[in-house]
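Beneath this line is the structure, given in structure tokens, with notes to follow.
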Amino acid sequence: MQIFFVYTYEENLRYGGIIMTDFMQIICDYLLENRCKEFLPREYYWHYTRLAEKQESALLETLSDSQWELLDQYQTTRNTMHSHELEAMFLAAWQTSRELA
């Protein structure tokens with residue numbers, strides 16, 4: 001899962017953010033793809049993953065074309081927000097590890 005920026009370098013600095021360098025992006029991507037799932041509670045997480053998939057399938061069967069488009073826009077927005085939350089968590093952990101070193 002690739003995490004994307006919305007802000008430019010200058011905007012990020014203006015808002016007091018830490019800049020995600022290419023090196024940090026590589027580490028973040030590696031952690032998301034290879035390490036993150038081992039920290040999820042196995043039974044709990046996978047149970048709700050399957051439940052969400054079933055509920056999504058049931059929902060999609062009931063939608064009209066305009067409702068599909070609205071749902072797609074909503075999911076895109078939520079995915080963008082989630083990407084920013086993951087980026088913020090990674091950057092917070094990165095900065096904290098540097099402060100503790």
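The values are calculated or read from the model by the stated rules, or taken from the named source; none is laboratory data. Predicted model only: the values in this text are computed from it and were never measured. Glycine gets a Cβ as well: all are built from the backbone with ideal geometry, and neighbour counts include every protein chain shown. SASA here: full protein model, heavy atoms, side chains in, ligands and nucleic acids out. Shrake-Rupley method; radii C 1.70, N 1.55, O 1.52, S 1.80 Å.
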>> Whether any residue in the stretch 65-81 is hydrophobic (A, V, I, L, M, F, W, C), outside any helix (DSSP H, G or I) and surrounded by fewer than 11 Cβ atoms within 10 Å (Cβ to Cβ) is what I want to check.
In response: no
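Between 27, 19, which is open to solvent by less than 100 Å² (accessible area, probe 1.4 Å) and not in a helix (DSSP H, G or I)? Don't jump to the end; show me each part of the working.
On the way: 27 fails: not in a helix (DSSP H, G or I).
Result: 19 is the single residue among 27, 19 that is open to solvent by less than 100 Å² (accessible area, probe 1.4 Å) and not in a helix (DSSP H, G or I).
To keep it simple, each residue is scored yes or no on (1) at pLDDT 95 or above; (2) open to solvent by 90 Å² or more (accessible area, probe 1.4 Å); (3) of a type in the set (Asp, Glu); (4) on the phi < 0 side of the Ramachandran plot.
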{"position": "7", "(1), (2), (3), (4)": "no, yes, no, yes"}
{"position": "11", "(1), (2), (3), (4)": "no, no, yes, yes"}
{"position": "32", "(1), (2), (3), (4)": "no, no, no, yes"}
{"position": "37", "(1), (2), (3), (4)": "no, yes, no, yes"}
{"position": "53", "(1), (2), (3), (4)": "yes, yes, yes, yes"}
{"position": "57", "(1), (2), (3), (4)": "yes, no, no, yes"}
{"position": "62", "(1), (2), (3), (4)": "yes, yes, no, yes"}
>> part of a helix (DSSP H, G or I), free of Cβ contacts under 8 Å to residues at least 12 places away in the same chain and not basic (Lys, Arg): is that true of residue 56 in this structure?
In response: yes
>> Quick check on residue 79: is it within 21 Å of residue 23 (Cα to Cα) and not hydrophobic (A, V, I, L, M, F, W, C)?
In response: no
